[in-house]
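See structure below.
Throughout, read-outs are computed from the coordinates displayed, never taken from laboratory work. Since the structure is predicted, the reported quantities are computational estimates derived from the model, not experimental observations. Note that we place each Cβ from the backbone using ideal geometry, even for glycine, and neighbour counts take in every protein chain shown.
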Amino acid sequence: MKGGRRILLWVFTVELAVIAIGFAVSQVSPWPAALLIRFGFNLQANYVNWALGKHVPPGIGGLLDQRYDESDPDAFLDVFYPSGIQNSDRALPTIVWIHGGGWVSGSRKQVGNYARILASRGYTVVTVDYSLAPGRTYPTPLRQVMAALSWLQQNARRLHIDPLQLILAGDSAGAQIAAQLANIVTAPAYATAIGIKPSIVRPRIRGLLLYCGSYDIGPVRMRGIWGSFLRTLLWSYFGEKTFATDRGLAPAIVTDFVTPTFPPTFIPGGNGDPLTPQSRRLAGALVAQGVPVDTLFYPPDHIPRIMHEYQFNLDHEAGRVALQRSIAFVASRVERRPL
């Protein structure tokens with residue numbers, strides 16, 4: 001364990017160092033700082049995925065490197081399920097996971113072990129890749145994941161997917177994408193405003209798992225190191241340095257557009273995560289619309305402080321509780337037969 005803590009400390013130290021360097025780079029383009037952030041984020045995410053490896057039980061099968069759009073070089077996904085159904089036509093309720101990384105980093109592989117753990121509970125789990133910023137900008141990931149949902153429905157039998165029972169899920173930036181997709185599917189006027197046609201009907205989305213997302217950038221204070229960090233991410237993703245005043249980007253503020261038809265949602269957040277206030281605002285907005293919401297928040301004075309994406313740390317009690325609550329939420333939203 002001591003060796004593991006030293007590695008984790010080294011990873012965090014390197015991450016903070018590369019991000020700090022990025023803040024000092026010219027503001028003419030988001031690319032230099034975004035690439036440094038990408039390096040740091042990927043370093044941490046790869047370590048977290050590796051650390052989850054010991055929690056993956058045996059008996060998980062899958063299909064890797066599936067291309068959901070032949071015309072798109074970034075359009076790949078992985079599928080995991082209990083290996084016992086490998087040679088059958090059995091279809092399972094399916095969790096579609098959209099990875100995080102501040103829109104500028106990450107990959108489906110970095111949530112692969114968490115997906116395997118979820119699959120071990122009797123589900124098919126899909127991890128989806130999308131194009132990263134600044135190379136590709138908003139709303140490209142929304143179009144890509146919508147295309148992935150269409151492809152998954154078309155290939156449901158081969159992939160052991162129950163297309164009538166889907167859970168959209170994501171962490172950090174992926175949670176924001178998942179929540180915005182839910183708005184597109186459930187609110188026709190919103191979909192029209194963004195210019196993205198839903199590839200799935202609302203009843204097929206049984207619920208959402210949203211870990212540590214950014215849903216309301218309006219009240220966020222853009223000061224200091226944290227502000228510089230956020231400006232780089234948002235400038236990269238939206239493709240505009242003046243993103244804060246661009247009215248065309250307003251629909252990305254998920255909390256302003258939720259409706260009573262938004263799917264039931266589970267939203268956990270840690271007291272040490274600067275994005276948790278946004279999770280709380282989203283939960284409040286959904287409750288105000290009459291949407292069933294399950295939350296897992298910690299009081300401000302909770303010790304130890306529960307940090308961003310703590311859910312992926314199954315060596316700590318908070319991560320294990322979040323997993324248990326996530327599984328319980330999914331089970332409450334779908335119908336399953338014994339394996």
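General observations
- Contact order for region 59-333, expressed relative to its length and based on alpha carbon pairs under 8 Å spaced 6+ residues apart, stands at 16 percent.
- Within the shell of other residues whose beta carbon sits under 15 angstrom from the beta carbon of I267, the net charge comes to -1, with Lys and Arg scored +1 and Asp and Glu -1.
- Between K241 and D301, the distance separating the two model label sites (each 7 Å from Cα on the Cα→Cβ line) works out to 4.6 nm.
- Peptides ranked, highest mean first, by Cβ atoms within 10 Å: ranges 150-157, 123-130, 83-90: 123-130, 150-157, 83-90
- Normalised contact order of region 187-339, rounded percent, pairs of Cα under 8 Å and 6 or more residues apart: 25 percent
- Per-residue [θ]222 nm for the chain (sum of -39500 (n - 2.57) over DSSP H runs n ≥ 4, rounded to 500): -13000 deg cm²/dmol
- Value of D in µm² per second that Stokes-Einstein yields for the chain, Kirkwood Rh from Cα pairs, at 4 °C (1.567 mPa s): 64 µm²/s
- Axial C-alpha extent at least 15 Å, average Kyte-Doolittle at least 1.0 - helices from the chain (DSSP): 2-24, 173-186
- Among I200, I167, I184: highest mean-square fluctuation, GNM of the chain, C-alpha pairs under 10 Å: I200
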